[in-house]
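Data first, discussion second: the structure below is written as C-alpha cells.
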Amino acid sequence: MRPNAQNAISILAKVQESCGQEILAYWVLPNVILTMCGARAFCDGVFWSDNKKVLAKWSKEISYSLEVIKSLNSLLTAETNINTVRKNETYASYDLMFGDGLNYVVSHSGLLGTDRLDLLNTAITFQAIQKQIYHILHSRIQYKKYSKENIYHMVFGILLGYPDRAIVESVKLWEDNNPFAEKLIDADIRGAGYYSCPQPIYTYPRYLIDDPEINSHEKMWSKLLSDYYHSDFHKELEKNPKFQAKMKELGNSY
C-alpha cells in the first residue's frame, strides 16, 4: 500500500472517537504522522516533565489510547516507558512499529536483497527485527568491516524509511572518520518541524543534493505532511481548546 495521509487520518479518527480530541496531542507529531501514513516502520514520542504524577498521568493516557491503535491490527509492536536520563531529567515515551510501514520500507530498500522476503515472514518483535536486519547487512562484503554502531545506524535508517543512498553515503563518511570530508546536510522535509518532536529529518553528503532518489523522497515526505496538516480533519482538531491546552501541557507546541 502506497503511503498516504488518509491512512493516518483513519487511525487518528478511531482514537479520537474513543478517547476524545485532546488525546490526539500525543499522536499528531510529524514523525508519527509519517509512520501512520505508511512511509516508515518506526516512530517514537517523548514528553518531558520533572513531576512524577504528571508523568504517570501521561503514561496512562498513552497506554489507554494505544489500546485503540492496537485494535486496528496495523501495529506490530509497542512499548511505553517512564525513563530518567541526564541528571534526573525524566520523560514518558512510546516506541511503535507498524506492519504496513515495515512492509513498505523493507520492500523499497535495495539494501536487503531477497533476504527481505524472509524478514517479512518472520514472527517479529522490535529487537528481533533490528537484529535480523543487522545480520543481513553485516553479511554483505561491502559492510563487513563497518563498526557495529554504524551498521545499526543503517538498520535504523531502513526502519525510519530513509532513502538507500542517504543511508549508505552518510554511514560511509562516519566510517571513514575523515575530518576533511564533506559535511552532511539535512534533508529538505517541509513540515518536519510542524510540532516539537524527534524530527523526521535525515542527512546526506552535499554532493547528493540533486540526487533523483533523494529529491523524490524529500518531496514525498513533504507532501504527506502537507496533506495531513492541511486536511479538514487536522484543521478542525487544531481549533479545539482542549487539544490546544494538551499540546501546550506536553510541550509539543513551539
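What to note about this one:
- Within straight-line cross-link reach of Lys239, lysines at Cα separation under 22 Å, skipping those fewer than 8 residues along the same chain: Lys14, Lys248
- The chain: angle of helix 148-159 to the longest principal axis, Cα-based, in degrees nearest 10: 60
- With the charge dipole of region 111-216 set up from +1 on Lys and Arg Cβ and -1 on Asp and Glu Cβ about the Cα centre, the Cα lying farthest toward the positive end among the listed residues Phe180, Val168, Ser147 is that of Ser147.
- Highest GNM mean-square fluctuation among Gly157, Gly38, Gly101, for the chain modelled with Cα contacts below 10 Å: Gly157.
- Rounded to the nearest 0.05, the FRET efficiency derived from the C-beta distance between Ala128 and Val85 at R0 = 30 Å is 0.75.
- With the simple model of a label 7 Å out from the Cα in the direction of the Cβ, Asp210 to Ser63 spans 5.5 nm.
- Crossing angle, helix 212-229 versus the chain [Cα axis fit, 0-90 degrees, rounded to tens]: 0
- Between 0 and 90 degrees, the angle of helix 126-138 with respect to the longest Cα principal axis of the chain falls at about 20 degrees.
- Taking 0.36 nm per residue of separation and subtracting the current Cα-Cα distance, fully stretching the chain between Ser231 and Asn178 would add 14.6 nm.
- Alpha-carbon Rg/Rh ratio, for the chain, with Rh computed the Kirkwood way: 0.97
- Shape category assigned to region 111-216 from the gyration tensor of Cα positions, a/c cut at 1.5: oblate
- With an a/c value of 1.5 or above and a/b not larger than b/c for the gyration tensor axes a ≥ b ≥ c computed over the alpha-carbon atoms, region 8-137 is described as oblate.
- Here the extension length gained between Arg190 and Asn51 equals 46.7 nm, from 0.36 nm per residue of separation less the Cα-Cα distance.
- Förster radius 41 Å - calculated FRET efficiency between Lys148 and Lys223, Cβ distance, rounded to 0.05: 0.70
- Assuming charge only on the beta carbon of Lys and Arg (+1) and of Asp and Glu (-1), the dipole of the chain about its Cα centre is about 460 debye to the nearest 20.
- In this structure, the pairs whose alpha-carbon distance is over 22 Å, taken from Lys60/Lys235; Lys52/Lys246; Lys57/Lys235; Lys148/Lys172; Lys52/Lys131; Lys70/Lys242, are Lys60/Lys235; Lys57/Lys235; Lys52/Lys131; Lys70/Lys242.
- Counting only Cβ charges, +1 for Lys and Arg and -1 for Asp and Glu, the dipole size of region 111-216 around its Cα centre is about 320 debye.
- Inter-centroid distance (Cα atoms) of region 80-116 relative to region 171-199, Å: 18
No value in this document is a laboratory result; all are computed from the given coordinates. Quick caveat: nothing in here was measured; it's all calculated off a predicted structure. Neighbour counts run over all protein chains shown; Cβ positions are idealised from the backbone, glycine included.
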